[in-house]
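See structure below.
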Amino acid sequence: MMIQDIAPRKLYNHFVPDYTPKEGDHVFSFKDGDLLMSFTEDKVCFPTVADYPSDAVKELVYLFSVDEEVFLLLRKEVAPPEGFSYQKLKVLRDKYFLPKEYVFAAFTAYQLNDWYSVTRFCGKCGSPNEDDKLERARTCPHCGNKIYPRINPAVIIGVTDKSTNKIVLTKYRTGFGHNALVAGFTEIGETLEETVAREVMEEVGLTVTNIRYYKSQPWGIASDILAGFFCDVTGDSQIKMDESELKYAEWVSPEDIVLQPLEYSMTNEMMKLFKDKGYKGTVE
């Protein structure tokens, strides 16, 4: 179950510009990328409007709701309420925390907070931006330039070899330390399929064919929308790894695949599909 799979609950991202905060609404507060939260065993908790003084409540911005639960963003630096502290968001990827929809909400809030932070000034004329009064956007009062939340398209790629029933697994040279798949961002003028072919060639030196879409995933911690693809190697299957980006890239049989610790990512789901069903599972 990927991080956005919170059914039967649902995230509603419709913007409500004139929303009046209620005492029980959840509040996200970030400081240098860290999130204000607390934990009780396997449960994560965020402050509510009732935990803040009235002057701070005036600074709250509506983010979204999960069913009837509303989540707001505090953009003013305020002393943390008792029992809460700023912690790295990666803590939420160290183990499973409940409710799961709160974890998904935190990732999504991180994306919006980052967007608000980097759009304080107009990129066209340099004037301070204002919150748009009708939609989730930042508008320059001087030149009228309007900016919407940024979403980066990227691909996750399961490179398969039908003849040997193997898949290419990788590990990044820095950062995330667990098994992954070939991945990369779409460049200007590219289709997603062209991104797949280019990234595979750049990272592992392979030519691919039969590029087939799997599914997509929002990944708020990096402001990404991920599109998953499987594809087949054609021609020479010898891997030529980009050592500046990867420290490991090998053909791996289903039974030898070591999955990531948590099932939040589409990368892990794609690896698990191959581990359970092999090449056949990628074309069903």
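Key figures for this structure:
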quantity: All positions within segment 52-83 that are free of Cβ contacts under 8 Å to residues at least 40 places away in the same chain, surrounded by 19 or more Cβ atoms within 10 Å (Cβ to Cβ) and under 27 Å from the mean Cα position of the chain (by Cα); calculated: Leu60
quantity: Condition check for Met1: in a strand (DSSP E or B) and in contact (Cβ under 8 Å) with a residue 40 or more places away in the chain; calculated: no
quantity: Flag for Gly158 being of a type outside the set (Val, Ile, Thr), touching a Phe, Trp or Tyr at 6+ places or on another chain (Cβ under 6 Å), modelled with pLDDT of 95 or more and not assigned by TED's automatic domain parsing to the domain that holds Asp42; calculated: yes
quantity: So Tyr96, is it among the hydroxyl-bearing types (Ser, Thr, Tyr), under 18 Å from the mean Cα position of the chain (by Cα), exposed (fewer than 15 other Cβ atoms within 10 Å of the Cβ) and not in a strand (DSSP E or B); calculated: yes
quantity: Test set (1) surrounded by fewer than 19 Cβ atoms within 10 Å (Cβ to Cβ); (2) at negative phi - Gly189 fails condition number; calculated: (2)
quantity: Some residue of segment 65-83 being closer than 21 Å to Ser223 by Cα and part of a helix (DSSP H, G or I); calculated: no
quantity: Some residue of segment 275-283 being closer than 30 Å to Ala106 by Cβ and outside any strand (DSSP E or B); calculated: yes
quantity: Lone qualifier among Thr108, Thr164, Thr139 - being β-branched (Val, Ile, Thr), touching a residue at least 60 places away in the same chain (Cβ under 8 Å) and within 22 Å of Tyr62 (Cβ to Cβ); calculated: Thr108
quantity: Options Lys100, Lys133: the member that is among the basic types (Lys, Arg) and either touching a helix residue (DSSP H, G or I) at 6+ places or on another chain (Cβ under 9 Å) or modelled with pLDDT under 95 (or both); calculated: Lys133
quantity: Segment 198-230, residues that are part of a helix (DSSP H, G or I), in contact (Cβ under 8 Å) with a residue 24 or more places away in the chain and surrounded by fewer than 20 Cβ atoms within 10 Å (Cβ to Cβ); calculated: Glu202, Ile221, Ala222
quantity: Filtered residue count, segment 133-154, keeping only those that are in contact with a strand residue (DSSP E or B) (Cβ under 6 Å, 6 or more places away or on another chain), within 30 Å of Leu192 (Cβ to Cβ) and surrounded by 15 or more Cβ atoms within 10 Å (Cβ to Cβ); calculated: 5
quantity: Residue within segment 260-274 that is basic (Lys, Arg) and assigned to a helix (DSSP H, G or I) present; calculated: yes
quantity: Members of segment 238-284 that are closer than 14 Å to Ala180 by Cα, under 25 Å from the mean Cα position of the chain (by Cα) and of a type in the set (Asp, Glu); calculated: Glu245, Glu263, Glu269
quantity: Test result for Ala183, in contact with an Asp or Glu (Cβ under 8 Å, 6 or more places away or on another chain), within 19 Å of Asp161 (Cβ to Cβ), modelled with pLDDT of 95 or more and small (Gly, Ala, Ser); calculated: yes
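The values are calculated or read from the model by the stated rules, or taken from the named source; none is laboratory data. Quantities reported herein were computed from a predicted structural model and do not represent experimental measurements. Every residue, glycine as well, gets a Cβ built from its backbone with ideal geometry; the counts of neighbours run over all protein chains shown.
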